[in-house]
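These notes are about the structure you will find just below.
The values are calculated or read from the model by the stated rules, or taken from the named source; none is laboratory data. Just so it is clear, the structure is predicted and the values come from calculations on it, not from any experiment. Positions of Cβ are backbone-derived with ideal geometry, glycine not excepted, and every protein chain shown enters the neighbour counts.
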Amino acid sequence: MEFLTFLGVLGLLFWVSSLNGRIKRLEGGTQIKASSQAPSFVSPPVPGEVQKPASLLQTKVSVEGLSQKFVTWIKEDWLMKLGALLLLIGFGWFATYAFLNNWIGPMGRIMLGIVAGSLILILGLWRIQKFLHQGGVFLVLGSTTILLTIFAAREIYSFFTPLSALGIMFLSTAFVAFASVKYNSKSLSLASLILAGVAPLLTNSPATDYIGLFSYLLVVILGAIWIVSITGQRELTAAALILISIYSAPHLFGITGADKGVLLLFAYAFAAIFFLTNTAGLLKLKGKDIVPDLVAAAGNGLFLLVWIMSSAQDEWKSLIIAAWMVVFSVGAFLIFKITKRREPFYTYVGIGVAMLAAATAAELEGATLTIAYTLECGVISLLVYYLLRDIRIALRMSILLVGPMLLAFGSMTSRAWMTSAINDDFFVLLILASVLTGLGYFFFFRIKDPAETEELQFSSALLILGSVYAYVLLWLSLHAALIKNYDFATMISLVIYTLIGLIAYFFGMKQEWRTLRFYGGILLGFVVGRMILVEVWNMELTGRIITFFIIGTLLVSTAFLGRKKEVQKEIQNEAKQDNPDNFTI
């Protein structure tokens, strides 16, 4: 009864909307004719009068117009419409009475539901020709009616088999998908995908056939891709990926382990389909919004990686991941060469790097893993530069070194420094410092335009970070080698830091290189601060005296550096003030 009443209300709504559209077209023609004949005058605002916003006035007029049109529609043939409503209510009561008295058997009830759903689908297909939203609502309502009817047939009466029930439900959702393609409706396409995804849950199967389920999902995904290829509704690709990820969750999180080997092949098929779809979309849509494609590409890479890590055999994981990494990397290169857009390149390269990291983690661990990550990130940055000849992208790829830099903190605090100076952690810090400084110098001397501030900042940051890890390595190595003489190791380290800071400071001042001068000053400030705040309490008196004398002497000696140049400048300034017209440098 409630269902039929709902249908009656929907019928009233679409009749009202039809009448509204007809009246709007008539009024629009009248307004255009009147506006072309009579000039419009805007009266000035009266002082002290509060002017109402135009949007509020328009809303009030539209509400009044709708109510007036609805009353007009009710008055027209009101006896016929009232009779139709009474017949609809009477039919609902009749169906309820027939069910209660068992006039209509189980088969008749199911057939009645299927016929009702089919009629609503036909009504929606007819209505969508003129009113897209209304027709879409009827189509979704009809398909949902069929799905619920089949679910009741399986759950209550045990009619149909799970396969036949799924087939009938799929046909109803396919009908909705066909209408969405014909009338290019995004909401209808998404609704058809959701209905098709819900259908397997309504079959009441006694045992889940995961291979059959994923075969069905493969058909659904291919249908969604077909819709995308025709209508260009690329958001549907991300929705399809979410759907298959939901059904994959029990297998990925260990809830069930049935048929994992075969389902992994389905995962490869899904990933390949999404990869080809996203690549084709990115190549086709030059200069347009590609955010849906980037989201789908990133999600696809994550989906594939999780499937491989959770289901593939351990001895094959790294090779499988490496193969897919090559696929995504080649896709990134081709997309950038054709479209010249950086966003897809970053996305696909990020997926490839994540797969490379996963493959490396599957084979290595500890210090060896950090070293491998460091070398891989350095090679990726150089490879990107030589392939694309774009120093900006190559420098941004060096951000990948953040991972090895974080992992290197474990090497800094390792207990291995208490036993020897040359150990695995020594090589971790050495290789990391070498890669950072090497990349910094490599890109710094390839910057042709000094105005490229971003490139200069990136390369300078690499050099500074590399030097920091080199200082840490020097400190730890000296203290590990001279473990019984902490004061001597500290003195050597601080003296070396001071010399490097002085060289950087005065070289930067001479070359008028502000960054290098600032770097030297910071390093000297660190040395002095360390001596006053830390080493005063850690070092013995003798070591403290020697260290303070040496570093103090180095700092005081800077008073004699650059004096000649300053005297010459003072003489030139005085001469210029005395004879400004004839003075030349």
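Numbers at a glance
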read-out: Odd one out for Ala504 among (1) under 43 Å from the mean Cα position of the chain (by Cα); (2) modelled with pLDDT under 85; (3) under 28 Å from Asp487 (Cβ atoms); value: (2)
read-out: Options Ile338, Ile391: the member that is among the hydrophobic types (A, V, I, L, M, F, W, C), surrounded by fewer than 22 Cβ atoms within 10 Å (Cβ to Cβ) and either under 18 Å from Leu432 (Cβ atoms) or within 24 Å of the chain's Cα centre (by Cα) (or both); value: Ile338
read-out: Qualifying residues in region 274-332 (those that are among the acidic types (Asp, Glu) and either touching a helix residue (DSSP H, G or I) at 6+ places or on another chain (Cβ under 7 Å) or part of a helix (DSSP H, G or I) (or both)) - the one nearest to Ile242 (Cα to Cα); value: Asp293
read-out: Per-region count, region 397-418, residues in contact with an Asp or Glu (Cβ under 6 Å, 6 or more places away or on another chain) and within 18 Å of Ala372 (Cβ to Cβ); value: 2
read-out: Gly378 vs. criteria out of contact with any strand residue (DSSP E or B) (no Cβ under 6 Å at 6 or more places or on another chain), small (Gly, Ala, Ser) and closer than 24 Å to Val295 by Cβ; value: no
read-out: Options Ala361, Ala332; residue that is modelled with pLDDT under 85 and more than 22 Å from Leu283 (Cβ to Cβ); value: Ala361
read-out: Candidate set from region 437-456 (those that are of a type in the set (A, V, I, L, M, F, W, C) and closer than 17 Å to Met397 by Cα); member that is modelled with the lowest pLDDT; value: Ile447
read-out: In region 479-499, the residues that are part of a helix (DSSP H, G or I), out of contact with any Phe, Trp or Tyr (no Cβ under 6 Å at 6 or more places or on another chain) and touching a residue at least 24 places away in the same chain (Cβ under 8 Å); value: His479, Ala481, Tyr486, Asp487, Phe488, Thr490, Met491, Leu494, Val495, Tyr497, Thr498, Leu499
read-out: Near pairs, Cβ below 8 angstrom, 6+ apart or cross-chain, from region 321-348 (touching a residue at least 60 places away in the same chain (Cβ under 8 Å) and at negative phi) to any residue that is among the aromatic types (Phe, Trp, Tyr) and in a helix (DSSP H, G or I); value: Pro344/Phe336
read-out: Matching residues, region 472-499, being surrounded by fewer than 15 Cβ atoms within 10 Å (Cβ to Cβ) and of a type in the set (D, E, K, R); value: Lys484
read-out: Flag for Gly124 being farther than 26 Å from Ile242 by Cα and buried (at least 21 other Cβ atoms within 10 Å of the Cβ); value: yes
read-out: Filter result for Tyr373 (assigned to a helix (DSSP H, G or I), of a type in the set (Ser, Thr, Tyr), crowded, with 16+ Cβ neighbours inside 10 Å and free of Cβ contacts under 8 Å to residues at least 40 places away in the same chain); value: yes
read-out: Neighbours by Cβ (under 6 Å, 6+ apart or cross-chain): first from region 516-541, in contact (Cβ under 8 Å) with a residue 12 or more places away in the chain and in a helix (DSSP H, G or I); second of a type in the set (A, V, I, L, M, F, W, C) and surrounded by fewer than 12 Cβ atoms within 10 Å (Cβ to Cβ); value: none
read-out: Residue match in region 145-165 (condition: touching a residue at least 12 places away in the same chain (Cβ under 8 Å), of a type in the set (Lys, Arg) and under 30 Å from Ser229 (Cβ atoms)); value: no
read-out: Matching entry among Gly378, Gly410, Gly366, Gly350 (being small (Gly, Ala, Ser) and surrounded by 19 or more Cβ atoms within 10 Å (Cβ to Cβ)); value: Gly378
read-out: Members of region 413-435 found to be surrounded by 15 or more Cβ atoms within 10 Å (Cβ to Cβ) and assigned to a loop (DSSP other than H, G, I, E, B), listed by number; value: Ser414, Ala421, Asn423
read-out: Region 358-370, residues that are in contact (Cβ under 8 Å) with a residue 12 or more places away in the chain and more than 16 Å from Thr413 (Cα to Cα); value: Ala358, Ala359, Thr360, Ala362, Glu363, Thr368, Leu369
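Okay, residues lined up against (1) surrounded by 20 or more Cβ atoms within 10 Å (Cβ to Cβ); (2) outside any helix (DSSP H, G or I):
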{"site": "Thr437", "(1), (2)": "no, no"}
{"site": "Ile447", "(1), (2)": "no, yes"}
{"site": "Leu456", "(1), (2)": "no, no"}
{"site": "Leu462", "(1), (2)": "yes, no"}
{"site": "Ala470", "(1), (2)": "no, no"}
{"site": "Gly501", "(1), (2)": "yes, no"}
{"site": "Tyr505", "(1), (2)": "yes, no"}
